[in-house]
Amino acid sequence: GPIGCAAYDIGRLVGEAIVRSDRMDRAGLREGLERVKQLPAASGVDGTLMGFGVWDRAALKGQYLVLREWRDRRTVQIRV
């Protein structure tokens, strides 16, 4: 479900930030997050990326909001 995908994405972001951190404190983790760029996301459509920057506080980049509806007992993406 969507919560599982979001948790997976956040876990990957934090893991990548820890690897890129110079020190293990709040400021070090923030700097590590700012170094994560263009990490593929499990959420959204193909090509959705994750990352942060010094002035960029939105993790997801691309078409991460996907509209879906139920048809014949299965979920189908709506193209707009």
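A short reminder: the numbers here are calculations on the coordinates, not readings from a lab. Just so we're clear, the structure is a prediction, and the values are computed from it rather than from any experiment. All Cβ positions, even for glycine, are placed from backbone atoms using ideal geometry, and neighbour counts span all protein chains on display.
Fully extending the segment from Leu39 to Thr75 would add 10.3 nm, taking 0.36 nm per residue of separation and subtracting the current Cα-Cα distance.
Modelled label positions at Arg23 and Asp56, each set 7 Å beyond Cα in the direction of Cβ, lie 2.6 nm from each other. Relative to one another, the C-alpha centroids of the range 19-33 and the range 1-18 are positioned 17 Å apart.
Could you tell me what % of all Cα pairs in the chain have separations over 22 Å? Looking at the chain, the distances longer than 22 Å represent 33 percent of pairs.
Ala59: net charge of surrounding residues, Cβ under 14 Å, Lys/Arg +1, Asp/Glu -1, itself excluded? So the surrounding residues net to +2.
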